[in-house]
Each structure stands twice: as structure tokens, then as C-alpha cells.
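For reference, the structure is listed below as C-alpha cells.
Read the figures in this text as sums done on the coordinates, not as results from a lab. Since the model is a prediction, treat every value here as computed from it, not as a measurement. Methodologically, a virtual Cβ is constructed for each residue, glycine included, from the backbone with ideal geometry; neighbour enumeration extends over all protein chains shown.
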Amino acid sequence: MESDAKKVLILGSTGSIGKSTLDVIRQFPERFRVAGLVAGKNGDKLKQQVEEFEPEAAALFEGELETPAGVDFYSGEEGIKSLIQDIDFDIVVAAISGASGIIPTFEAAKKAERVALANKESLVCAGKFIKSVAKEIIPVDSEHSAIFQALLSGRKEEVKEIILTASGGPFRGKKLEELRDVKPEDALSHPNWDMGNKVTIDSATLMNKGLEVIEAVWLFDIPVEKIKVVVHPQSIVHSVVRFCDNSFIAQMGKPDMKIPVAYALSYPERLFLPDSLGMEFYGLSLTFEKPDLETFKCLKLAFEALNKGYPYPIILNAADEIAVNCFLDKKIPFTAIPEVIEKTMEILNLSPPETIEEVVSIDRLAREAAEKVVQSFIV
Ligand code: MG
């Protein structure tokens, strides 16, 4: 039976964006069909998803899985590449967390009509290469989805400023000395968003916003001077575009990723999502503050990496992944995260990548360097 449903490949199906995507697809089976599911190592969850959505194929980055007849199974990095080659899809939802998402996103971008992009690292580290192969990139990240929507209100040359909102994370308002003893469990309790561990810690350090600034530069082809970060603790205004006539166009909504996920799948149309995703305006109060770049130095480092250009964003990102993992393993204090990144950026002297393979090798070298730097911060 032929259907008009768009065929969707989800890279990172068991993570929080992957699950939100499946929630949307579940509600609109006439519009979307799951073509393939790729996950990291959560075989149990993937098995459940395979049984419910009956894709053509599924893959695990790590591990094996018994799939029902008719569902091909692939494993490992090469397996994921083969799955991307073998199956037919219209949209790829690129939602693998971290730099390991870069190559799968790149491979899938070559084939897809649309990349619904949630993996920021793809643009932070390999923006040039991903953009050169992708037909269309629609952002999934809530801030970038907001900017994308606001930009539809004017022409590119009329944009004066992009105001990227940040929740400020669980430590907003704290000073550096108060952060020395915070534990992973403190940093993992995000006030507004329910996300994976890496991005939650990045929200607490403001590195997430730093990566988003870099992502925005690539996505919208906007110079960094036009991007401003504003702390907005309620996470209702997802970002704002200021036009030349001083109109500020914002996109607002409940902080739930199903809204930007649905938009990235259905654009230029909008889906009729349930009222439970709406919000009550009576009593709503919205506040905006300047970010504290001394306490949350990661954001400053991201601007620095962006100004220095390739390969610094790759080094920044790799060192951050290493530092965040070490913090989660309780090897280094929270306040050492920016120190590790800064030091790694200082000691590495590498040329800009010419190919996507070079992005991967710079990422690997930066990880090795960061691993060594981390040693001096181990408590
Ligand atoms: Mg975001």
C-alpha cells in the first residue's frame, strides 16, 4: 500500500528528543511513518519502539538485538552507516547526543529531503560540511526553532539582532565560590526542561548556550556580533529576533520539545497538537537578565572559540564532553569544567579541517588532550 506519510529516520530514538519525535508520530500516523530507528545502547527501549512502530530497520551503536521478522538489524558505527544507505527515508531527525552524532547526521543528510536537526555538535563541529550536503535543515532545538519561526517575519537583511534565551540552569544567580562543591545530582535537576545528562550539565554551565550560539551562526548565517544571550528563567520565550524597525518577534510556548519537534517535521504547516501543550497566560510573568560570564565562563569560551574559528569549536566541544563526563563520574569539580576546556584550547595547535574525516580526527585529538588536562584537576 502506497501512502503519503513521510518516512522518518530517527537517529537517537531512545533519547529525549527521539521519544518526543515518536510521541508526535504516534499522534499523526497518516502524516509520518517510522522508517528506521537508531539508538546508542538502550536495547530494551529500542526493542519496545521497534515492536510499536515496525520500522524497516533498527540499529544499536553498541550491542545486539533480536528484531521481529521484516525489521533488519544493524550494529556499530559501520552498521549505522549501512542502515542509512539501505533504507528509504524523507526526513532524518538527527538527535544523537554529542560528537558521535556528527557522522551519522552527515551520512543521512546526503540522502534526506530534510534534516530535522537536534544534534548541535553537527553544526558546531562540522557546520560547513553538513550544510554542503543537506538539502534543507530545520532546527529542532527550541531556541533555533524560535529564531527560525521569527525570521519568517522579515528579510535577512532586516535582522538587527538575534536574542537567544537561556534558562540559566539550576545555578542561576550563584557565584563561583558557591559552585565549587556542587554535585552531579544538583546539576542534573534542571528547573524547566527534561533532557539527557550531557545537555543538562551543559545547561548548568551555560555551555549549552555557547554551543547554541555557534549553532545559530551556522544555521542562520548570521555574524556572531548580532547574537546576544539573555537569561530568561521561565523558558517561555524561546528566542527573539529584533528587526531593523525595532520590532522584536518572539516565539513563546510551554517548554516541551514536542512543539519544536512537530514543527520541524511538519514545516511549513503546523500540526494540531493537544491543548495540554498550551499554557495559561493569566499570571504569567517573564523576566530577563544579563548572563554572568565570570561565573559561567563556558559561555565566554564558546564566543572565543567562535571568534578564533575552526578548529576551535571542535576542540571546545570535545573538551567539554570529556570534562562533563569526568564531573558526572565525580572525578573533577563542577568549576573545573571551563578550566579543562580553556586549557585544552590553549595547548592544541591544529589546522582547520578540510573534510568531515578531519573533523573526526580533530575531535579525537582534542579528547586525548582533554583527558590529559583533566588529570591535573582530579580531586
Ligand atoms: Mg536549546
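A compact table of results
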{"read-out": "Estimated inter-spin distance, Leu277 and Glu30, nm [label 7 Å along Cα→Cβ]", "value": "1.8 nm"}
{"read-out": "Virtual spin-label span in nm between Val379 and Lys254, 7 Å along Cα→Cβ", "value": "3.8 nm"}
{"read-out": "Helix runs (DSSP H) in the chain reaching 27 Å along axis by Cα, Kyte-Doolittle at least 0.5", "value": "none"}
{"read-out": "Around Arg242: net Lys/Arg minus Asp/Glu count, Cβ-Cβ under 12 Å", "value": "0"}
{"read-out": "Fully extended contour minus Cα-Cα distance, from Asp72 to Lys156, at 0.36 nm per residue", "value": "25.8 nm"}
{"read-out": "Separation of the Ser351 and Lys290 label points, Cα + 7 Å toward Cβ, nm", "value": "4.2 nm"}
{"read-out": "Sequence-distant aspartates and glutamates (8 or more away, or on other chains) whose Cα lies within less than 15 Å of Lys135", "value": "Asp90, Glu107, Glu113"}
{"read-out": "FRET efficiency, 1/(1 + (r/R0)^6) with R0 35 Å, evaluated for Ser189 and Asp245 via beta carbons", "value": "0.25"}
{"read-out": "Radius of gyration, Dmax [the chain; alpha carbons; angstrom]", "value": "20.1, 63"}
{"read-out": "Cα gyration tensor, the range 1-115 - rounded (a/c under 1.5), prolate or oblate", "value": "rounded"}
{"read-out": "Residue-averaged 222 nm ellipticity for the chain, from DSSP H runs of 4+ at -39500 (n - 2.57), nearest 500", "value": "-13500 deg cm²/dmol"}
{"read-out": "Set of aspartates and glutamates near Lys297 by C-alpha distance (under 14 Å), chain-local residues within fewer than 8 positions excluded", "value": "Glu177, Asp202, Asp320, Glu339, Glu342"}
{"read-out": "Cα-derived Rg over Rh, computed across the range 229-379 with Rh taken as Kirkwood radius", "value": "1.07"}
{"read-out": "Span per principal axis, largest first, for the Cα atoms of the range 143-190 (Å)", "value": "47, 18, 11"}
{"read-out": "The range 155-241, Rg to Rh (Cα coordinates; Rh as Kirkwood inverse mean 1/r)", "value": "1.03"}
{"read-out": "The range 309-379 - Kirkwood radius from inverse mean 1/r over Cα pairs (Å)", "value": "11.9 Å"}
{"read-out": "Across Lys19/Lys198; Lys131/Lys226; Lys7/Lys120; Lys7/Lys254; Lys128/Lys308, pairs whose alpha-carbon gap is larger than 25 Å", "value": "Lys7/Lys254"}
{"read-out": "Distant alpha-carbon pairs in the range 102-153 (separation over 19 angstrom), percent", "value": "23 percent"}
